[in-house]
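To start, the structure itself, in structure tokens.
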Amino acid sequence: MMKIGDLIPQVLGVDQEGREHRAADYAGQRLIIYFYPKDNTPGCTAEACSLSEGYGALRKAGFALLGVSKDSAASHGKFAAKYALPFPLIADVDLTLQQQFGVWREKKMAGRTYMGTVRTTFLIDEQGRVSHIIEKVNTKDAARQILELIEEKQ
């Protein structure tokens with residue numbers, strides 16, 4: 001798993017509009033990268049909508065925002081349009097970014113074990129290093145959770 005102080009990978013992936021995102025695109029600014037399991041599921045929708053509602057405050061605090069899941073760009077496009085999401089969603093269909101960040105892991109639910117995305121939010125500083133990791137994400141209040149963490153650390 002990526003740790004505090006680690007540099008993020010140079011290539012972050014391609015979003016729902018076909019644009020490639022690289023760490024260099026965010027040099028000199030802070031970045032939030034949030035990993036979620038699947039478009040259009042209750043928890044993931046709640047998280048995306050919370051971040052969308054808090055997007056202005058997150059931008060005002062100096063952050064850009066990227067969502068990442070293994071869904072396709074087409075799925076992301078429909079999800080972003082349906083909920084008017086103002087930030088890019090990276091289509092990590094080959095799991096490269098999730099494996100680099102260490103969020104593609106064994107999960108257990110209803111007595112079965114499987115591989116999946118562990119919902120995690122990473123805050124990245126202006127130098128491209130991980131500054132905070134939120135492993136217990138409050139899906140219904142994700143933006144406030146991030147903003148409170150930022151205020152606490154300043």
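On the basis of being among the aromatic types (F, W, Y) and more than 22 Å from K107 (Cβ to Cβ), does F63 make the cut? In short, yes.
Would you point out which residue out of A91, A84 is touching a Ser or Thr at 6+ places or on another chain (Cβ under 8 Å) and at positive phi? Walk me through it before giving the result.
On the way: A91 fails: at positive phi.
Only one candidate qualifies: A84.
Of everything in the range 1-16, what is in a strand (DSSP E or B) and touching a His at 6+ places or on another chain (Cβ under 7 Å)? Give them in sequence order. Once the filter is applied, which keeps residues that are in a strand (DSSP E or B) and touching a His at 6+ places or on another chain (Cβ under 7 Å), the range 1-16 yields L12, G13, D15. For the range 115-131, the criterion of being without any contact (Cβ under 8 Å) to a residue 60 or more places away in the chain, surrounded by 15 or more Cβ atoms within 10 Å (Cβ to Cβ) and hydrophobic (A, V, I, L, M, F, W, C) is satisfied by no residue at all.
Table: residues versus (1) farther than 17 Å from L58 by Cβ; (2) of a type in the set (D, E); (3) modelled with pLDDT under 95.
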| residue | (1), (2), (3) |
| --- | --- |
| L97 | yes, no, no |
| F101 | yes, no, no |
| K108 | yes, no, yes |
| G128 | yes, no, no |
| I134 | no, no, no |
| V137 | no, no, no |
| D141 | no, yes, no |
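For the range 17-65, the set of residues classified as among the hydrophobic types (A, V, I, L, M, F, W, C) and part of a helix (DSSP H, G or I) consists of A23, A24, C44, A46, A48, C49, L51, A57, L58, listed by residue number. The lone criterion from (1) assigned to a strand (DSSP E or B); (2) surrounded by fewer than 21 Cβ atoms within 10 Å (Cβ to Cβ); (3) in contact with a strand residue (DSSP E or B) (Cβ under 7 Å, 6 or more places away or on another chain) left unmet by F87 is number (1). So, in the range 53-83, exactly how many residues are crowded, with 18+ Cβ neighbours inside 10 Å, of a type in the set (S, T, Y) and under 25 Å from M2 (Cα atoms)? Here the count works out to 1. Kindly check whether there is at least one residue in the range 138-152 that is outside any helix (DSSP H, G or I) and under 17 Å from the mean Cα position of the chain (by Cα). So far as the range 138-152 goes, yes, one or more of its residues are outside any helix (DSSP H, G or I) and under 17 Å from the mean Cα position of the chain (by Cα).
The set of residues in the range 135-154 that are touching a strand residue (DSSP E or B) at 6+ places or on another chain (Cβ under 6 Å) and either exposed (fewer than 14 other Cβ atoms within 10 Å of the Cβ) or polar (S, T, N, Q) (or both) contains only E135.
Being out of contact with any His (no Cβ under 7 Å at 6 or more places or on another chain), more than 15 Å from C44 (Cα to Cα), of a type in the set (D, E) and exposed (fewer than 12 other Cβ atoms within 10 Å of the Cβ) is the requirement here; does E106 meet it? Write out each step before concluding.
Working: out of contact with any His (no Cβ under 7 Å at 6 or more places or on another chain): yes; more than 15 Å from C44 (Cα to Cα): yes; of a type in the set (D, E): yes; exposed (fewer than 12 other Cβ atoms within 10 Å of the Cβ): yes.
Criteria met by E106.
Given (1) closer than 23 Å to Q127 by Cα; (2) hydroxyl-bearing (S, T, Y); (3) out of contact with any Phe, Trp or Tyr (no Cβ under 8 Å at 6 or more places or on another chain), where does Y55 come up short, assuming only one miss? The failed condition is (3).
The values are calculated or read from the model by the stated rules, or taken from the named source; none is laboratory data. This is a predicted model, so every value here is computed, not measured. When we count neighbours, we look across all protein chains shown, and the Cβ atoms used for this are built from the backbone with ideal geometry, even at glycine.
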